[in-house]
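The values are calculated or read from the model by the stated rules, or taken from the named source; none is laboratory data. The structure displayed is predicted, hence computed values, not measured ones. Here the Cβ positions follow ideal geometry from the backbone for every residue, glycine too, while neighbour counts run over all protein chains shown.
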Amino acid sequence: MQVGKLIVLTGPSGVGKGTLLRSLLQRHPELYLSVSATTRQPRPGEIDGQHYYFVNRDKFEQMVSAGELLEWAEYAGNYYGTPLTPVERQIQLGQSVILEIEVVGARKIYHTFPTALRLFILPPSLAELEQRIRGRGQDSEEAIARRLSRAKAEIEAADEFDVQIVNDDMEQALLLIEAAIFG
Ligand code: ADP
Ligand code: 5GP
């Protein structure tokens with residue numbers, strides 16, 4: 001049996017990764033979406049074990065020390081990380097696994113899982129990125145400012161990744177993602 005692929009979708013917060021991913025999973029239900037662990041508080045409607053595993057900082061640090069995470073990073077004051085065992089299990093079963101993670105963690109995958117396909121999603125412009133973050137209506141002014149200042153540095157790192165895709169027209173971006181994964 002062939003092993004599955006590891007696919008990493010990264011890019012700045014608000015660029016549309018989550019939205020693109022939901023459409024991609026609808027079209028390709030065979031893809032396995034990894035559920036991350038985080039120390040951030042759940043947003044209204046988020047379910048433990050489905051959107052994230054919500055853990056405290058002590059538990060997260062234990063997971064790091066025990067080598068239970070494929071990658072992890074601190075983002076906007078919270079820890080986020082990918083549990084290793086489910087990813088390895090699915091890949092061994094021949095299932096392709098997709099991670100939707102921020103840029104620092106995605107960069108680490110290059111070393112821990114060199115065969116991964118790493119896709120970087122770019123916004124059409126910084127002004128459009130700000131509009132999307134504001135339009136989502138989920139972040140405080142302070143969080144928006146932190147996300148935007150981090151986005152500038154993240155976008156400069158886009159060339160380090162295997163494929164760069166601008167999420168302007170969503171359908172077009174999806175076609176490019178599909179071509180990178182299945183083409
Ligand atoms: P991320 O997961 O990268 O943080 P989201 O998927 O939450 O980003 O998207 C942020 C906002 O941008 C959402 O309100 C979403 O509807 C919107 N959005 C996503 N893709 C596009 C697009 N191609 N054109 C316009 N708005 C978009
Ligand atoms: P949010 O708080 O908006 O859910 O996520 C903030 C950022 O953390 C997003 O860019 C998201 O892609 C990223 N993220 C989610 N899970 C992980 C993870 O397991 N590892 C890393 N490095 N980033 C993650």
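Go through R40, R57 for me and flag whichever is basic (K, R) and either more than 10 Å from ligand 2 (Cβ to nearest atom) or farther than 28 Å from A158 by Cβ (or both).
After ruling out the rest, the residue left standing is R57.
What about E71, is it crowded, with 16+ Cβ neighbours inside 10 Å and of a type in the set (D, E)? Quick ask: steps written out before the conclusion?
On the way: crowded, with 16+ Cβ neighbours inside 10 Å: yes; of a type in the set (D, E): yes.
In short, yes.
Looking at G16, G11, which is the one that is under 17 Å from E102 (Cβ atoms), near ligand 2 (Cβ under 10 Å from one of its atoms) and modelled with pLDDT of 95 or more?
Of G16, G11, the one residue that is under 17 Å from E102 (Cβ atoms), near ligand 2 (Cβ under 10 Å from one of its atoms) and modelled with pLDDT of 95 or more is G11.
Exactly one of (1) among the small types (G, A, S); (2) within 12 Å of ligand 1 (Cβ to nearest atom); (3) loosely packed, with under 13 Cβ neighbours inside 10 Å; (4) within 27 Å of H28 (Cβ to Cβ) is unmet by G137. Its number?
(4)
Report, by residue number, each residue of segment 74-116 that is more than 8 Å from ligand 2 (Cβ to nearest atom), crowded, with 18+ Cβ neighbours inside 10 Å and polar (S, T, N, Q).
Correct list: Q90, S96.
In segment 150-174, what count of residues is obtained for those that are surrounded by fewer than 19 Cβ atoms within 10 Å (Cβ to Cβ), polar (S, T, N, Q) and within 16 Å of the chain's Cα centre (by Cα)?
The qualifying residues number 1.
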